[in-house]
Amino acid sequence: MSTNPETRRAIAQRVIDRAAARGMPIDKDPAFVALLEEWIRGDIDMKAMRERYLDTIALQAAQRGSAQKPLSINLSKWSDAANKE
């Protein structure tokens, strides 16, 4: 693979354009775009980009999951206390 940033930018743009044409824009995620810029500069290879992006997605999903967990309240303790009164 060429390490020329101009070539990498052209490749990236073609991929972005194809994804957008299929209705799946990939250039809207700031984390992805940041990693893409690192790849274009030659700071990371595609394998590292993929691994880091998958880690980012997993972290975001975990954060969303913990934010969406329903509040669990043990009402049986409260109802027992109310029944004694």
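The values are calculated or read from the model by the stated rules, or taken from the named source; none is laboratory data. What you see is a predicted model; the values in this text were computed from it and never measured. In this analysis, Cβ positions are derived from the backbone assuming ideal geometry, glycine residues included, and neighbour counts consider all displayed protein chains.
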key: Among the candidates GLU6, GLU38, residue that is over 21 Å from ALA61 (Cα atoms), modelled with pLDDT of 95 or more and exposed (fewer than 13 other Cβ atoms within 10 Å of the Cβ)   = GLU6
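Would you pick out the residues in the range 17-41 that are assigned to a helix (DSSP H, G or I) and more than 19 Å from GLU51 (Cα to Cα)?
Our first condition is that a residue be assigned to a helix (DSSP H, G or I); within the range 17-41, this holds for 17-21, 30-41.
Those that are assigned to a helix (DSSP H, G or I) and more than 19 Å from GLU51 (Cα to Cα): ASP17, ARG18, ALA19, ALA20, ALA21.
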request  = Could you grab me the full set of residues in the range 9-35 that are of a type in the set (Asp, Glu) and modelled with pLDDT of 95 or more?
outcome  = ASP17
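Each row is one residue, and each column tells you yes or no for (1) without any contact (Cβ under 8 Å) to a residue 24 or more places away in the chain; (2) touching a strand residue (DSSP E or B) at 6+ places or on another chain (Cβ under 6 Å); (3) surrounded by 11 or more Cβ atoms within 10 Å (Cβ to Cβ); (4) basic (Lys, Arg).
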site	(1), (2), (3), (4)
ALA12	no, no, yes, no
VAL15	yes, no, yes, no
PRO25	yes, no, yes, no
PRO30	yes, no, no, no
ILE44	yes, no, yes, no
